[in-house]
Each structure stands twice: as C-alpha cells, then as structure tokens.
1. Under 7 Å between Cβ atoms, which residue pairs at least 6 apart in sequence (or on different chains) link something in region 347-362 that is farther than 14 Å from residue 272 by Cα with a partner that is among the small types (Gly, Ala, Ser)?
2. For region 47-97, how many residues are of a type in the set (Ser, Thr, Tyr) and more than 19 Å from residue 26 (Cα to Cα)?
3. Six or more apart or on different chains, Cβ under 6 Å: which pairs go from a residue in region 209-223 that's not assigned by TED's automatic domain parsing to the domain that holds residue 176 and among the small types (Gly, Ala, Ser) to one that's within 9 Å of the ligand (Cβ to nearest atom) and in a loop (DSSP other than H, G, I, E, B)? Could you list them?
4. Do we find a residue being near the ligand (Cβ under 8 Å from one of its atoms), under 23 Å from residue 227 (Cβ atoms) and aliphatic (A, V, I, L, M) anywhere in region 129-136?
5. Restricting attention to region 135-156, does a residue exist that is part of a helix (DSSP H, G or I), over 28 Å from residue 368 (Cα atoms) and either at pLDDT below 95 or out of contact with any Lys or Arg (no Cβ under 9 Å at 6 or more places or on another chain) (or both)?
6. Please tell me if residue 356 is over 20 Å from residue 152 (Cα atoms), surrounded by 15 or more Cβ atoms within 10 Å (Cβ to Cβ) and touching a strand residue (DSSP E or B) at 6+ places or on another chain (Cβ under 7 Å).
7. Conditions: (1) more than 16 Å from residue 10 (Cβ to Cβ); (2) surrounded by 24 or more Cβ atoms within 10 Å (Cβ to Cβ). Residue 54 meets all but one. Number of the miss?
8. Out of the residues in region 60-97 that are aromatic (Phe, Trp, Tyr) and touching a strand residue (DSSP E or B) at 6+ places or on another chain (Cβ under 6 Å), state the one that is farthest from the ligand (Cβ to nearest atom).
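The values are calculated or read from the model by the stated rules, or taken from the named source; none is laboratory data. Remember, it's a predicted structure, so these values are computed and weren't measured experimentally. Every residue, glycine as well, gets a Cβ built from its backbone with ideal geometry; the counts of neighbours run over all protein chains shown.
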Amino acid sequence: MVDVPKVTQLLKQAVDPKRVTDRDFDIVAYSRDLSPARQKMATHIVMPESREEVRGILRVASDNNVPVYIRGGGTSHWDAYLPQEPGILLDMSLMNQILEINDRDLTATIQPNCTWAKLDQELRKKGLTYLCSEAGGPAMTIGGSVMKAGGGPHSTAKFGFHGNQDIITLEMVLPNGDIVETGSAAWPSAGKFKRQCVGPDLAGLFIGAEGILGICTEITLRIRPATDVKERMVAVMKTLDDVIELGHFVNRCVGDEYLQGFYLWVDPNSPETFLVMMDVFGYEREIVDYRKTRILEKIKELGGTLGDRAPADDYYGRILTGLTDIFTAGVWHFFGSGSLRIDDIKFLYRVWREELIEKRGYKKAGFGGQVLPRDWLAFMVTNYREPAEWEEIIRISDEINEIVLNGPVAPYGIGGRDGLRPFLEKRDTGYYRLLKTIKKAVDPKDILQRGIFVRKEDLI
Ligand SMILES: Cc1cc2nc3c(=O)[nH]c(=O)nc-3n(C[C@H](O)[C@H](O)[C@H](O)COP(=O)(O)OP(=O)(O)OC[C@H]3O[C@@H](n4cnc5c(N)ncnc54)[C@H](O)[C@@H]3O)c2cc1C
C-alpha cells in the first residue's frame, strides 16, 4: 500500500508543489491510453522539469517502494505506461526543449518530450529536416519513440527506424539516481557525435526497453538537409506475390538509397486489392526521376496499375499537424502485429484473411505493412467505439496473437498485462532471462515501469 499523503509531501519537496497532484479527478484523466487496455489509476501525477527533479522523484519512489511509470506524448496503444499497480505517473510534457541544433555535424540535442513536429518545424527554418517516420500524429515525442524503438511508413525504407538507427547518444537517469551518458558522450570531453564508442552500445540497451531500465532525459540524434525533390507513387497490385516482387525489386535494383517509404494497405471489404504507396525523396531531380521511372516500369511489368495519390498525400501531409479524424474513429486495436521477413508477409495475410475475417467473422480490421527493404512491420488493425465490443475484440486478438507469435513474427511494443507481455513472459528464452537479469541489476526494487515488459513475479 502506498502511503499517499506521505509520498505527496515528499514529492512536493523534490519538485515544485504545483507540479504534483494526488487528486482523483486529475488521476482519472491519466488512467487510459489509446488502446482497449483496462483503466489503471496512479497514486500521483508529477511533471518534472529537469533531470535533477527526475532524480529526486526516483529517490522518493525508491525510499518508499512506490513504482514509477513514464508517459511521453501518450500516443502508444499497448498498455505501455499505465500503472500496472498503484504508483507515480510522470508526465514528461515539460521536458520538451530543443537544446542544440548543430548544422555543421548535423545533430540535434533535445529533451525527451520534444515532439517530432516541433523539431521538424525548427529544423526547416534552417533548411534541415527530421520528418518523423511514425504515423502517430503531432503529439508523438522523440523520447517515446526512442524508448520503444519506433518507425513507420515514412522514410524508414531508406533511413531505418528513426527511433533507433538515428540515435547518437542518450542521457538516462537510472533508478539509483546515477546518470548515464552513452556513446561518445560517455567521454564528456569529446562531445555528442557518435553512437558506437567506448565499449558496448549502451544506447541500444535502453532503446526499445520501454523505460524499464532508466528514464531518458536527453537525446542527440542525426538530422539531415531537407530534400527538395519528392515523388509519391500509389499502385494497385494484383496479388500479394506481386507486392513482394516489387519490394524485392526496389530493394535490389533501385536501392534503398532512394526509396524512402513503402507501405501496403488491404481493406477488409476488398481483400484482393493490394494498395502500395511509395515515396522517393532526393536532392537531384535527374536521380529521383530515374528511380521513379524504373519503379513505374516494374509496376507495369507486374501488371499493376497506378492509383490515385490524393488520399496518401492528404494523410502524410497531416502526420505532424493533425490526424483528428483517425482518433474520432474510436479506440485502436491491433491483432497480431510485429516484424517479419519480406516473404513472410504471406503468412500474416493468410492469418488475417482466413482466421480473422473468414473463421471468426471479424470484418472490420484492415491489413497493413510498412517498411521495406529488409523487413516488414505489419499488422491487422481495427477501430471501435462501443464498449460492448471490448470483450470480443480482446478474445479474438488474443487468439490471433497466439497464432501469429508462434509463427515468423517478432512482437513489437510489449507493454503491460493488457499488451503483449503475457505472450513474452511464457517464453523461457535466453533473451528473456538476460533481460530479467539486467533489470534486477539496474533496478533491484523494480521501481521503474513495474509490470511492464517484465512481470514483477519473474523478478523475485
Ligand atoms: C494513429 C497512430 C499511428 C501510429 N503509427 C505508428 C507508426 O507508424 N510507428 C510506430 O512505431 N508507432 C506508431 N504509433 C504509436 C505511437 O505513436 C508511437 O509509438 C510514438 O513513438 C509514441 O510516442 P509517445 O511520445 O506518445 O510515447 P508514449 O506513448 O508516451 O510512451 C511510449 C513508451 O515510452 C516510454 N517513455 C516515454 N517517455 C520516456 C522517457 N523519457 N524515458 C523512458 N521511457 C519513456 C513510455 O513509458 C512507454 O513505454 C501510432 C499511434 C497512433 C495513435
């Protein structure tokens, strides 16, 4: 049991009292995420402004054995920050500053809750860019992206997952209050310019760990000159095999150097229509035109037809400015999503069509995939509004996840008990054992994100 009045008093000594609340009406407002995860109540909401305040909060939490949960922009949808048991929820919103834009070394240093939208806006004033790869809207923060290693339909075919590959250095506050700087920043007299330095890639340890090993308080990442030449192609392919062939073609013959995005969408009402959207960006018109021509020739050779690009332009044009219509469509829920090899997309498509649509009669979920070459991040996704649908959706998605995660699909975005954690914790693999060992060493009292990614009982 958390001694709420005592912890409130201590937290108010660690941060400005105006930024600490234990009032129920504040707490209820933070009790849900964008998924169907059950409502979960924190004991306190605290808004730190600096890494020193983060340390102070962790000290109070550790001394009183109260778990701490971390909310960035709150746009994740897999029970990734909701308190799995009563504890302090950090709202990181105030740590949102751009600390440096270095246009010589092409790096930017930011606080974790700087949004991709804010960084891109500032960079463009200098002829630079960071158009985020993810599609979660203007509230997505860079810290949230990095802590769960995000990436999406835009630009990742060339640059990789921006929440991973573009990260140079991190500053992390550990549960014991220690501050860790990774990469070249571990050598403070050198500066923040290189990821792999001074021994193992410690940034890689924290990226994707969903906050269970430390709280991120600063990030340095790669930026790049804004590209002037952009082309978008939308094609309808006749079969999934054609999509795969097109994918291999752009991978091998055109090269990921020029293709930045490759996105597949199949509507449940038209499961034989394979819509593919591709983006080519570049600095020279001749090169972009050449690549575009080769892709168009291949689409024609495979018997595909060019589609209307207006809906894609509309969606991608608004990623960093507003996607209100998407949110008004209801709660998002994914069935069987994850990473898989290019050819294995056929497996996921078959599960979607046969198991979800035909066998279980769930006809509202679409099928999509993004990121190519090398692999897909693919998913089946639905929106729903009626609370009565909840039980059925959860039951079906558990069944689908069981099939998919026993197949060639690696899970992505683990979260807590209403996320994918129950599917991970059953596996007694070397990976999971090592993760638990590291967690125990770094966070012996299991203060950070207790019950997320790793089950509390497994750490005892
Ligand atoms: C419409 C829609 C489309 C989306 N499309 C994509 C997509 O294409 N690709 C994709 O990857 N995701 C996508 N997402 C999911 C989501 O937008 C991204 O995962 C985003 O990066 C999350 O950022 P956030 O700031 O909202 O993080 P949050 O949801 O607040 O947090 C994400 C995780 O990071 C942890 N965390 C946050 N800040 C810190 C910190 N400072 N220190 C330690 N841990 C921290 C949280 O505890 C949580 O585990 C989509 C979401 C929506 C709603």
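1. 347/407; 348/336; 348/378; 351/336; 356/365
2. 3
3. Matching pairs, first to second residue: none at all.
4. Looking for residues that are near the ligand (Cβ under 8 Å from one of its atoms), under 23 Å from residue 227 (Cβ atoms) and aliphatic (A, V, I, L, M), one finds at least one in region 129-136, hence yes.
5. No, region 135-156 contains no residue that is part of a helix (DSSP H, G or I), over 28 Å from residue 368 (Cα atoms) and either at pLDDT below 95 or out of contact with any Lys or Arg (no Cβ under 9 Å at 6 or more places or on another chain) (or both).
6. When the stated conditions are applied, residue 356 passes them.
7. (1) is the only condition that residue 54 fails.
8. 69
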